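Colleague: Sharing a structure here in structure tokens format.
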Amino acid sequence: MDSKPTSFATTGRSRKGEPFVWLTAAGLTMGVVLTLGLLGLVVTKGIQTFWPDRIQVFEIDTGAGTEKVAGYVVQERERRDPQGVDHEEIQIFRGNRELFGEKFAFFDRASIRSQEIPEDILLVERMEGGHVIARAGKILRADGTEVPANDPGFATSLDELIEKTDTKREELRRIEKIEIGRNAREVKELRSLERFEGSTPETQARLATLNEEFLKLDAERNLVRQALAGDVLLLDAVDGREIRIEAGELLHIFRPNQAGVIGRTGEMLRRVWHFLASDPREANTEGGVYPAIFGTVVMTLVMSLFVTPFGVVAAIYLREYAKQGPLVRAVRISVNNLAGVPSIVFGVFGLAFFIYFLGGVVDSWFFPRSEEPVFKSGGVLWASLTLALLTVPVVIVATEEALAAVPRGVREAALACGASKWQAIQRVVLPASLPGILTGVILAMARGAGEVAPLMLVGVVKSAPDLPIDGEAPFIHAERQFMHLGFHIYDLGFQSPDSEAAKPMVFATTLLLITIVVVMNLAAIIIRNRLRKKYATSSF
Amino acid sequence: MPREDFIAVDHFSFFYGAKQALFDIHMDIPERQVTALIGPSGCGKSTLLRNMNRMNDLIDGVRHAGDIRLNGSSLYDPKIEVISLRKRVGMVFQKYNPFAKTIYENVVFSLRVAGRNGRRELDEVVERSLRSAALWEEVKDRLHESAFGLSGGQQQRLCIARAIANQPEILLMDEPCAALDPTATLKIESLIRDLKEQFTIVIVTHNMEQATRCSDRTAFLYMGRLIEYGSTRQIFETPRQEETEAYISGRFS
Ligand SMILES: Nc1ncnc2c1ncn2[C@@H]1O[C@H](COP(=O)(O)OP(=O)(O)OP(=O)(O)O)[C@@H](O)[C@H]1O
Ligand SMILES: [Mg+2]
């Protein structure tokens with residue numbers, strides 16, 4: 001006897017669901033594509049910002065002759081002129097703001113006569129005025145000697161010059177920021193003391209010594225300044241004009257057309273580092289974003305410190321203690337809807353309640369003598385609290401779910417061991433729901449770190465002189481205003497005079513903000529997974 | 001002299017809201033013996049057991065009539081604190097439910113919540129309880145690892161160790177072997193026989209052999225009523241009620 005192989009139905013009910021499967025798959029694909037597209041754009045643009053392009057020299061027909069332009073191509077576009085003729089245009093970054101007024105210029109492709117990549121072009125970064133693209137001219141030293149570009153020792157002299165300015169500038173910064181700053185603060189404190197308690201021989205004597213100290217520091221400062229001022233670097237722009245840079249202005253010189261892949265990679269890494277670790281310059285369009293990174297991280301961490309206990313405690317009450325009824329349901333719905341309130345409203349609330357009210361109270365109790373408001377103005381503390389308020393629904397909802405997911409048997413076991421209700425919650429239920437709570441905190445952090453609108457009202461500024469945490473007692477300055485990457489993006493992209501020039505910085509800063517959020521989330525996720533391993537819920 | 005009415009269930013009725021789950025149960029459970037509660041699903045075994053440490057208090061809208069006395073004193077005496085009562089009555093649940101803690105911390109939980117934190121005492125309790133639960137040899141080298149690393153049978157024995165750590169007088173077990181394989185079940189049964197030297201044990205079970213193997217007394221419940229209660233041998237060999245006979249012989253519909 002032979003047996004027939006079992007046959008399975010190939011059509012019929014099992015297939016009915018498929019169109020819906022496709023629909024869900026399509027939805028997911030769409031989301032993934034959009035997200036990846038956005039990320040891809042930000043990542044490529046952000047990285048492009050740092051990659052040193054070759055500098056080209058174009059010969060351009062102006063109608064009345066030819067003109068030489070050096071720079072690198074930023075983008076290409078098509079333009080239709082009033083006569084209806086199409087033009088292919090390229091946008092060139094050509095720097096040299098003092099010569100052209102703008103750093104970027106458009107040229108018609110048709111008007112380009114020739115283009116080349118000469119080896120000897122320099123890209124010079126300086127303190128003010130943006131980049132310079134030119135050939136080396138000569139170094140004029142303070143002592144009257146000069147080193148022309150064709151001198152064999154020119155390159156080493158240039159390096160020496162930059163090294164010297166670097167050390168001098170560092171010295172100047174130390175004197176101004178640290179020593180003169182400390183002096184000024186003490187003077188201010190003494191003055192305020194004198195105003196309230198009258199001047200005494202001691203205060204007068206102290207003020208006199210401080211003044212003496214200041215004069216000494218001032219003299220020292222002037223000396224360094226003079227040393228910085230003496231030397232000059234002369235450069236020849238490709239159109240024949242001369243550019244003069246005081247040595248004190250020089251930051252960095254790079255020869256993009258000579259460097260190989262390694263040299264350019266090195267330059268890129270230097271730029272990335274410079275971007276991450278230095279202060280912004282020139283209304284934020286140049287330099288780095290270190291204070292904004294610092295501000296963002298500090299604010300987000302302080303926010304999590306506030307939002308976690310607050311949200312968890314609220315959720316415990318709602319889920320474990322409150323009698324479940326219409327009132328609790330109403331509270332729960334309100335909490336959930338809080339997440340839908342426009343964030344600027346939270347900013348207004350933070351300004352009114354935290355800054356004007358709470359800050360005013362704190363100032364009148366603890367700083368009655370201060371002339372300027374201390375806490376009654378935006379600061380990192382109030383900003384964190386405002387964001388904590390904004391994100392607390394996320395934590396509450398996540399915590400409630402986590403608490404609800406703890407099996408009833410575990411609670412009963414705790415109670416059967418003679419634990420009180422609070423002991424059961426604290427010792428058994430909370431540890432078991434910790435991973436879920438952390439998920440909520442992670443979401444809250446991601447939301448809070450990317451929020452900008454409310455922060456503008458409660459303490460974020462375009463540029464803050466000091467970090468909220470530094471080496472100066474009492475080390476943590478909760479009242480200080482701070483910089484924030486999200487606001488920095490807004491400021492660069494929409495508030496700076498030359499938004500075209502700021503575009504690369506916008507992308508780079510966006511990339512950085514996303515990276516920071518991802519890094520903070522990853523850290524939290526790693527902690528959560530550790531906990532999960534430790535407290536893995538038992539299953540059969 | 002062990003007491004015959006160590007747990008005295010005195011005309012006890014119990015309601016979940018409008019639904020009455022127990023009808024006038026009256027039985028005496030003797031000290032240091034194993035009493036088995038059997039009966040079809042939904043007949044009220046768990047309800048009765050969970051009333052012996054007032055675990056059902058947690059549910060909204062419950063109500064009772066009659067009384068249960070432990071060693072002569074009423075459970076529902078308003079002067080009695082539920083927490084102190086639960087310290088005298090340990091409980092083991094059908095589904096093993098260790099805490100998200102180390103093995104060590106699981107065992108000493110009942111001492112910790114009672115505020116007893118002395119290192120020496122805790123160490124002793126851990127060893128004694130785990131030995132009583134026949135688990136010591138298997139876990140003594142990993143006391144400070146997560147309890148979730150144990151097998152199901154080990155986790156259930158850990159729960160037993162946890163329930164007896166604070167030296168209760170009574171041990172309530174609600175189908176302790178339901179989630180276990182035959183080997184683990186046999187281990188726990190022999191454990192139950194050992195534990196009755198120290199504790200009064202009430203066990204709910206669906207397994208007739210288990211009831212015959214490890215209990216001294218058996219109570220048969222049906223639809224919230226106590227149908228028959230007597231020595232295990234009598235119930236299984238010469239049941240007096242028809243329903244009992246039908247149930248134990250598996251002819252129950
Ligand atoms: N929390 C509750 N709310 C309302 N009714 C309940 C509740 N718990 C149990 N009951 C009802 O009480 C009756 C007895 O339930 P119980 O859990 O005591 O049965 P059981 O004998 O333990 O059953 P099983 O063998 O299936 O565990 C059942 O009819 C059940 O539906
Ligand atoms: Mg049951």
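Colleague: Output the residue which, of all residues in the range B:43-84 that are within 13 Å of ligand 1 (Cβ to nearest atom) and of a type in the set (K, R), is surrounded by the fewest Cβ atoms within 10 Å (Cβ to Cβ).
Modeller: Going through the qualifying residues, I end up with B:R63.
Colleague: If you don't mind, there's one more thing I want to ask. So which residues in the range B:164-181 are out of contact with any strand residue (DSSP E or B) (no Cβ under 7 Å at 6 or more places or on another chain), within 16 Å of ligand 1 (Cβ to nearest atom) and either of a type in the set (D, E) or within 11 Å of B:T205 (Cβ to Cβ) (or both)?
Modeller: B:C177, B:A178
Colleague: Only one of B:D67, B:D10, B:D24 is away from every other protein chain (no Cβ under 14 Å), over 25 Å from B:I192 (Cβ atoms), in contact with a Lys or Arg (Cβ under 7 Å, 6 or more places away or on another chain) and of a type in the set (D, E); which?
Modeller: Exactly one of B:D67, B:D10, B:D24 is away from every other protein chain (no Cβ under 14 Å), over 25 Å from B:I192 (Cβ atoms), in contact with a Lys or Arg (Cβ under 7 Å, 6 or more places away or on another chain) and of a type in the set (D, E), namely B:D10.
Colleague: For B:P40, state whether it is within 13 Å of ligand 2 (Cβ to nearest atom), surrounded by fewer than 22 Cβ atoms within 10 Å (Cβ to Cβ) and farther than 25 Å from B:A165 by Cβ.
Modeller: When the stated conditions are applied, B:P40 passes them.
Colleague: Given the condition buried (at least 16 other Cβ atoms within 10 Å of the Cβ), farther than 23 Å from B:N51 by Cβ and more than 16 Å from ligand 1 (Cβ to nearest atom), answer yes or no: does some residue in the range B:219-234 qualify?
Modeller: no
Colleague: Now for a different question. Take the conditions open to solvent by less than 80 Å² (accessible area, probe 1.4 Å) and assigned to a loop (DSSP other than H, G, I, E, B) and apply them to A:G137. Does it pass?
Modeller: So A:G137 fails the test.
Colleague: Oh, and also: Which residue, of A:S420, A:S433, is among the hydroxyl-bearing types (S, T, Y) and either in contact with a Phe, Trp or Tyr (Cβ under 8 Å, 6 or more places away or on another chain) or open to solvent by less than 10 Å² (accessible area, probe 1.4 Å) (or both)?
Modeller: A:S433
Colleague: Still on this structure, please answer the following. Is there any pair with a first residue in the range A:28-57 that is more than 18 Å from A:A501 (Cβ to Cβ) and a second that is of a type in the set (A, V, I, L, M) and open to solvent by 60 Å² or more (accessible area, probe 1.4 Å) whose Cβ atoms are under 9 Å apart and which are 6 or more apart or on different chains, and what are they?
Modeller: Once the first residue is more than 18 Å from A:A501 (Cβ to Cβ) and sits in the range A:28-57, its partners that are of a type in the set (A, V, I, L, M) and open to solvent by 60 Å² or more (accessible area, probe 1.4 Å) give A:R54/A:I117; A:Q56/A:I117; A:V57/A:I117.
Colleague: Sticking with this structure for a sec: Kindly indicate which of A:E189, A:E163 is in a helix (DSSP H, G or I), of a type in the set (D, E), within 22 Å of A:S370 (Cα to Cα) and open to solvent by 100 Å² or more (accessible area, probe 1.4 Å).
Modeller: Sole residue among the options that is in a helix (DSSP H, G or I), of a type in the set (D, E), within 22 Å of A:S370 (Cα to Cα) and open to solvent by 100 Å² or more (accessible area, probe 1.4 Å): A:E189.
Colleague: Any idea how many residues of the range B:85-123 are farther than 29 Å from B:A178 by Cα and open to solvent by less than 10 Å² (accessible area, probe 1.4 Å)?
Modeller: The qualifying residues number 1.
Colleague: In the range A:42-88, which residues are polar (S, T, N, Q) and closer than 29 Å to A:R241 by Cβ?
Modeller: Correct list: A:T49, A:Q56, A:T62, A:T66, A:Q75.
Colleague: Among the residues of the range A:207-229, is any in a loop (DSSP other than H, G, I, E, B), open to solvent by 20 Å² or more (accessible area, probe 1.4 Å) and not acidic (D, E)?
Modeller: no
Colleague: Same structure again: Of these, A:Q495, A:Q426, which one is modelled with pLDDT of 90 or more and open to solvent by 30 Å² or more (accessible area, probe 1.4 Å)?
Modeller: Only one candidate passes the filter, namely A:Q426.
Colleague: Can you tell me which residue is farthest from the other protein chains (Cβ to nearest Cβ) among those in the range A:411-456 that are outside any helix (DSSP H, G or I) and touching a residue at least 60 places away in the same chain (Cβ under 8 Å)?
Modeller: Going through the qualifying residues, I end up with A:A453.
Colleague: Shifting gears a bit: In the range B:53-63, which residue that is within 11 Å of chain A (Cβ to nearest Cβ) and hydrophobic (A, V, I, L, M, F, W, C) is farthest from B:Y76 (Cα to Cα)?
Modeller: Ranking the qualifying residues of the range B:53-63, first place goes to B:I59.
Colleague: Also, quick follow-up: Which residue pairs have Cβ atoms closer than 6 Å, lie 6 or more positions apart in sequence or on different chains, and pair a first residue in the range B:162-180 that is away from chain A (no Cβ under 11 Å) and at negative phi with a second residue that is open to solvent by 10 Å² or more (accessible area, probe 1.4 Å) and among the aromatic types (F, W, Y)?
Modeller: none
Colleague: Quick one: in the range A:432-490, which of the residues that are more than 19 Å from the chain's Cα centre (by Cα) and of a type in the set (D, E, K, R) is modelled with the highest pLDDT?
Modeller: Selected residue: A:E479.
Colleague: I've got another one for you. For the range B:12-37, which residues satisfy the criterion of being under 16 Å from B:Y229 (Cβ atoms), open to solvent by less than 40 Å² (accessible area, probe 1.4 Å) and within 12 Å of ligand 1 (Cβ to nearest atom)?
Modeller: If the condition is that a residue be under 16 Å from B:Y229 (Cβ atoms), open to solvent by less than 40 Å² (accessible area, probe 1.4 Å) and within 12 Å of ligand 1 (Cβ to nearest atom), then B:L22, B:I25, B:L37 are the ones that fit.
Colleague: I've got another one for you. Is it the case that A:D470 is over 29 Å from A:I525 (Cα atoms), touching a His at 6+ places or on another chain (Cβ under 8 Å), free of Cβ contacts under 8 Å to residues at least 60 places away in the same chain and open to solvent by 30 Å² or more (accessible area, probe 1.4 Å)?
Modeller: Judged against the criteria, A:D470 is not a match.
Colleague: When the residues of the range B:187-209 are filtered to those that are within 16 Å of ligand 1 (Cβ to nearest atom) and open to solvent by 10 Å² or more (accessible area, probe 1.4 Å), which remaining residue is farthest from the chain's Cα centre (by Cα)?
Modeller: B:M208
Colleague: Only one of B:R128, B:R120, B:R112 is within 14 Å of another protein chain (Cβ to nearest Cβ) and part of a helix (DSSP H, G or I); which?
Modeller: Of the residues listed, the single one that is within 14 Å of another protein chain (Cβ to nearest Cβ) and part of a helix (DSSP H, G or I) is B:R112.
Colleague: Still on this structure, I have one more. Being more than 20 Å from the chain's Cα centre (by Cα) and either closer than 19 Å to B:G42 by Cα or within 14 Å of another protein chain (Cβ to nearest Cβ) (or both) is the filter; apply it to the range B:223-241 and report the residue that is nearest to ligand 2 (Cβ to nearest atom).
Modeller: The selected residue is B:M223.
Colleague: Restrict the check to the range B:168-177 and report whether at least one residue is of a type in the set (A, V, I, L, M, F, W, C), assigned to a strand (DSSP E or B) and either open to solvent by 10 Å² or more (accessible area, probe 1.4 Å) or within 22 Å of B:M1 (Cβ to Cβ) (or both).
Modeller: For the range B:168-177, residues of a type in the set (A, V, I, L, M, F, W, C), assigned to a strand (DSSP E or B) and either open to solvent by 10 Å² or more (accessible area, probe 1.4 Å) or within 22 Å of B:M1 (Cβ to Cβ) (or both): present.
Colleague: Let me ask something additional. Of all the helices (runs of 4 or more DSSP H) wholly in the range A:261-354, which have at least 1 residues that are under 30 Å from A:L430 (Cα atoms)?
Modeller: A:290-316, A:326-338, A:343-349
Colleague: Filter the range B:147-158 for residues that are facing another protein chain (nearest Cβ under 7 Å) and either among the polar types (S, T, N, Q) or crowded, with 24+ Cβ neighbours inside 10 Å (or both) and give the result.
Modeller: Across the range B:147-158, the qualifying residue is only B:Q155.
Colleague: Among the numbered criteria (1) more than 25 Å from B:R54 (Cβ to Cβ); (2) within 16 Å of ligand 1 (Cβ to nearest atom), which single criterion is violated by B:A184?
Modeller: Failing condition for B:A184: (2).
The values are calculated or read from the model by the stated rules, or taken from the named source; none is laboratory data. In this text, all values refer to a predicted model and were calculated from it rather than measured experimentally. Note that each Cβ is placed from the backbone with ideal geometry, even for glycine, and that neighbours are counted across all protein chains shown. Just so you know, the surface numbers come from the protein's heavy atoms only, side chains and all, with ligands and any DNA or RNA stripped out. Shrake-Rupley method; radii C 1.70, N 1.55, O 1.52, S 1.80 Å.
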